[in-house]
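These notes concern the structure reproduced below.
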Amino acid sequence: ASITPAGDEDVFKFTNSGSAPVMARFDVWNMDDGYGIGVPCGDSIDTGLNIWDASGTSRLQTNDDRGGGSDRCSGLTFALAGGQTVYAHVVEFDDNSTIASYALAVTYSPVVCGDGMLGLGEQCDDSNTSNGDGCSSTCQVEVSCGDGVLDGAEQCDDSNTNNNDGCSSTCQLEDAVTEVEP
């Protein structure tokens, strides 16, 4: 694509046609001689990238420099729900110059629990799929009985999962006697 004349803006529509969420990586690249996909733009061009909702009324995410002064092209990662449509809006940063040739590259990857990146539908992602460490194998926050912290539906948490010590292995009160005052 190109940004010409000065003040021109480009908009691209992206839809996740699947039912599972994906992570979409959007990157703007300078396509002039000496540059290309994967080559940092430096200060050869300066772009802005906005992700808008399907109605075009709410900006969901924005980026104006992928690498600060060393790469003034834009790049960002955005989570797309199954069936979701967004618009990628590319501009010349100051809206006062032209860009002869650029590419908007988009790479989709599945949301993977345990990869250390918080994806759509994940409440946590601690870089593993172990249960019992506060983040479950399905990347949902675990109420962790026995950690000494009173969480969620726990009635007690005595820092262990032993039964018959007043607080059960499921963090419920055992043999509680209700005191009645005269």
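Structure values in brief
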{"read-out": "Extreme residue, positive dipole direction of the chain, given options Cys113, Gly134, Gly148 (C-beta unit charges)", "value": "Cys113"}
{"read-out": "√(5λ) per eigenvalue of the Cα gyration tensor, the chain, largest first, Å", "value": "52, 16, 15"}
{"read-out": "Tensor-based shape of segment 3-46 (alpha-carbon gyration tensor, a/c under 1.5 rounded, otherwise prolate or oblate)", "value": "oblate"}
{"read-out": "J(HN,Hα) series, segment 112-124, from Karplus relation 6.51 cos²θ - 1.76 cosθ + 1.60, nearest Hz, glycine and proline x", "value": "10, 5, x, 8, x, 10, 6, x, 4, x, 8, 8, 7"}
{"read-out": "3J(HN,Hα) from dihedral phi, segment 43-52, Karplus parametrisation 6.51/-1.76/1.60, rounded to Hz, x for glycine, proline", "value": "10, 5, 9, 9, 10, x, 10, 10, 10, 10"}
{"read-out": "Label point 7 Å beyond Cα of Ser109 along Cβ direction - residues of segment 10-24 with amide nitrogen under 12 Å", "value": "23-24"}
{"read-out": "Computed E for Ile37/Asn160 - FRET, C-beta separation, R0 35 angstrom, nearest 0.05", "value": "0.05"}
{"read-out": "Computed lengthening from Thr138 to Ser70, 0.36 nm per intervening residue step minus Cα-Cα distance", "value": "20.7 nm"}
{"read-out": "Student exercise, the chain dipole from Lys, Arg, Asp, Glu Cβ charges, in Debye to nearest 20", "value": "1040"}
{"read-out": "Around Asp46: net Lys/Arg minus Asp/Glu count, Cβ-Cβ under 9 Å", "value": "-4"}
{"read-out": "Alpha carbon centroid spacing (whole Å) that separates segment 152-177 from segment 96-131", "value": "40"}
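Laboratory data are not the source of any read-out in this text; all were calculated from the coordinates shown. As the structure is a prediction and not an experimental result, all values here were calculated from the model. Cβ atoms come from the backbone with ideal geometry, glycine included; neighbour counts cover every protein chain shown.
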